[in-house]
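Notes to accompany the following structure.
Values quoted throughout were computed directly from the atomic coordinates according to the rules given, and no laboratory measurement underlies them. From a predicted model like this one, the values you see are computed outputs, not experimental measurements.
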Amino acid sequence: MRIEHDAENDVAYVYLVDEIGEGDADAQLLVEREGMPGELVLDFDTEGRLLGFEVLGASAILRPEVLALAYEDDDPAGDDAR
């Protein structure tokens, strides 16, 4: 599992697989809940398995200790990961 975070746009992506290639995400499901300070977008493959999910409003939805584990968006190699 890997987490990437774009702090400027307050968006995080949680990868549940090593890589998601072009076209691997066959379906998406938007998750909204009344009172939730953001949204989740779940990505599924053609067999219905969850590949990962995007967190819009990440700083309000994810715990700070989870975001602290994230790679920053401008560091794709993860050199700034904690």
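How compact is the range 2-72 by the rule of thumb for globular proteins, expressed as Cα Rg over 2.2 N^0.38 Å?
Dividing the Cα radius of gyration by 2.2 N^0.38 Å gives 1.10.
Under a 10 Å cutoff between Cα atoms, tell me which one of Val66, Val11, Val41 has the largest fluctuation in the Gaussian network model of the chain.
Judging by the Gaussian network model, the answer is Val66.
What residues have an amide H closer than 5 Å to that of Leu51, excluding those fewer than 5 places away on the same chain, when H is modeled at 1.01 Å from N in the peptide plane?
Residues meeting the criterion, in which the H sits 1.01 Å from N, are Asp43, Phe44, Asp45.
Could you work out the helix-only [θ] at 222 nm for the chain, with each DSSP H run of four or more residues adding -39,500 (n - 2.57) and the total divided by the number of residues, to the nearest 500 deg cm²/dmol?
That calculation yields -1500 deg cm²/dmol at 222 nm.
Given the options Gly38, Gly23, Gly52, state which has the largest fluctuation in a GNM of the chain using a 10 Å cut-off (strictly under) for Cα springs.
Evaluated over the chain, the most mobile residue of the options is Gly23.
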